[in-house]
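Structure, as structure tokens:
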Amino acid sequence: MTNAFVTGFDRQTAHAFAELSGVADGLEAVFLDAGSGLGEAVTCWDTIAQTFTALTAQFERTDMRACIDDLTAALAVAAELGATGQGDTVTRLSGLEGALTAMASRLVRLSRTVAEVKLVALNAKVEAAHLDDRSTDFSVFTREIDRLAADAARELAVLSTELHALTADTSEARQAQAGFAERHGGALLSLTHRLDDSLHTLNEQRRQVAEAAASIGRRSRLAGDKVGQAVMALQIGDITRQRTEHVAEAMTVLGGLCVPPPDVPAADTAQAVSLVASLQAHQLEQTAADLLEQVGQVSISLADLAGETEAITSLGRDSFGGGDGSFLTDLGREIGQVERLLEEYATALTRTGGTMNSVCTAVATMVAHVEAIHSIEADLKIMALNASFKCSRLGDRGRTLSVVAQSLRQLATRTEEDAETLMSGLQTAQALAEILADNHNGHDGEAIGLAVARLREATERLSAIGAEQAAALNVLETDSHRAQMLLRGGCEHIAVSDGFARRLRNVAQGLNDIAASTPIDTSRIEELKNLVLSRLSGNYTMASERALHDLFGAAAATADAPPRTEPTETEIDDLLF
């Protein structure tokens, strides 16, 4: 073996040693980083799975179910109010106002009747003064007519004042109720329909969440399988490092073969070097191929995992309404609007209820005034009857006064009719006022108050759940983004393996060049085998070479034969193993 060959061989092996060492160190760093990133990504995945479990549990919590029950009950009240508005209330108030207005008209007529009674009293005084019969005294008759007319006028004045105030209050209440219905009736109905739709959406979302949870569970298990595959495939880094170290050790032996003992022909040593170099070249070529294959699998797995992470996160956004809990936020806002309208409605009910209580009290007072007028009317009739008896005893002399008494009886009858009409109107007003008062102070008010309380409690619950959901979804987004970044970063890390594979192939090409420099005489394989074994004794473990050969496959079996005469695969195996 010439000095030039040995010198060239030394330069080549020195370069190969440096390359193999660089590959081993570089692969270790790259795959350690990739493995660390994958481990952190797995932690993110665990957190994502836990977050989905927590989010799903939120929709099955007792307070969520209670919230839905409260909303359903409150919506029933709001829907009824929205559908009927305050039409019944406005109708009854209109009826009450109409009854009071009719009473005002009758009261005007009654006031005229009382004024006529006063005129009759004056006529009675005049006619009584013309009588020359001192045996019959009409002074009491004329005084009592004056008194009763004055009493009736006072009662009517008070009654008129109270009726006017009552009519004004009722009109104001009717206008307020009608204005509320006009302003908010349609809005309440519209909001109720929207809230009902949202409630259906919430129930549908609960169903979708359950389905999403099952889907995420399945996909998480599949992702776990991919993680396992990626972890297994990442072991190629350690395997490649071991194989390069093995080749480096074999090249150390090659260096020893280049300095043959005096009793060994240089040609034999050169052929032995060629055999060992050829096998190690095949080993490096196979190592590079295995590295690229496994790195490709890892890249696919990591890319799939990154895509799956984004898909699961999107599923979370679709199922739970975005990272800010927007669905529950919108639902809470709609509930708040319905709650405010119901509160305004309750306020209007309270105001109307107070008015109706006042109406009931005022009507009771007015009834007393009408009863007093009834009493005055009865006294007038009695006085007119007595005057008629007295006049009949006077004959023609009492005829004129008798006409006055007859007029008084007619006025008393008209007073009776007007008073009865007023009493009937007051009874109608009393009935309407009591119905309105009962509705506004009783069942309707209680139902609305309970509905408002339920809506307020539902709003508070949804606000709390929405805040928890928003926090959980933000964690989900953060962990998902982090996991995707780590997984794609892992792909970028191991992408440099292409460069390592090229460096391994370059070293393999150098070994092939060494092998090609000395053709092997296949008829002397046994001698070359013994020569190599004798030189490797104490320095090289053939069992290790064999184990690696069996583990990764016969390197030479998959390598393309160079364009030169080489020993067969069996001959190489027979030589080295």
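The values are calculated or read from the model by the stated rules, or taken from the named source; none is laboratory data. It should be emphasised that the depicted structure is a prediction, and the values quoted were computed from it without experimental measurement. Ideal geometry is used to build each Cβ from the backbone, glycine not excepted, and the neighbour counts take in all protein chains shown. Remember, those area values only see protein heavy atoms, side chains included, never the ligands or the DNA or RNA. Shrake-Rupley method; radii C 1.70, N 1.55, O 1.52, S 1.80 Å.
Brief remarks follow.
- Around residue 52: net Lys/Arg minus Asp/Glu count, Cβ-Cβ under 15 Å: -4
- The convex hull drawn around the Cα atoms of the stretch 188-243, when projected onto a plane and averaged over every direction, covers 5.3 nm².
- Rounded to the nearest 20 debye, the dipole size of the stretch 361-410 about its Cα centre is 360 debye, using +1 on the Cβ of Lys and Arg and -1 on the Cβ of Asp and Glu.
- Neighbourhood charge, 9 Å Cβ-Cβ cut-off, centred on residue 198 and excluding it, Lys, Arg +1 and Asp, Glu -1: -3
- Farthest toward positive dipole pole in the stretch 436-534 [+1 Lys/Arg, -1 Asp/Glu at C-beta], among 532, 469, 490: 532
- Length-normalised contact order for the stretch 384-540 - Cα pairs under 8 Å, 6+ apart - percent: 9 percent
- At a probe radius of 1.4 angstrom, the accessible area of the stretch 397-526 per residue rounds to 46 square angstrom.
- Rule-of-thumb Rg ratio for the stretch 18-87 [Cα; 2.2 N^0.38 Å; N residues]: 2.60
- Positive end of the dipole of the stretch 337-419 (Cβ unit charges, origin at the Cα centre): among 355, 373, 385, the Cα lying farthest that way belongs to 385.
- Across the accessible surface of the stretch 466-531, with the other protein chains kept in place and a 1.4 Å probe, carbon and sulfur atoms take up 52 percent.
- For the stretch 431-517, the dipole from Cβ point charges (+1 on Lys and Arg, -1 on Asp and Glu) about the Cα centre works out to 1020 debye, to the nearest 20.
- A simple packing score, the average count of other Cβ atoms within 10 Å per residue, orders the peptides 517-525, 337-345, 311-319 as 337-345, 311-319, 517-525, with the highest score first.
- Simple Cβ-charge dipole of the stretch 31-168, Lys/Arg +1 and Asp/Glu -1, about Cα centre, in debye nearest 20: 960 debye
- Straight-line cross-link partners of residue 381 among the aspartates and glutamates, defined as a Cα under 17 Å from its Cα and at least 8 positions apart when in the same chain: 116, 144, 146, 151, 371, 416, 417, 418, 420.
- Local electrostatic count at residue 62 - Lys and Arg +1, Asp and Glu -1, tallied over other residues with Cβ under 14 Å: -1
- For the stretch 406-518, the Kirkwood hydrodynamic radius from C-alpha pairs, put into Stokes-Einstein at 20 °C and a viscosity of 1.002 mPa s, yields a diffusion coefficient of 88 µm² per second.
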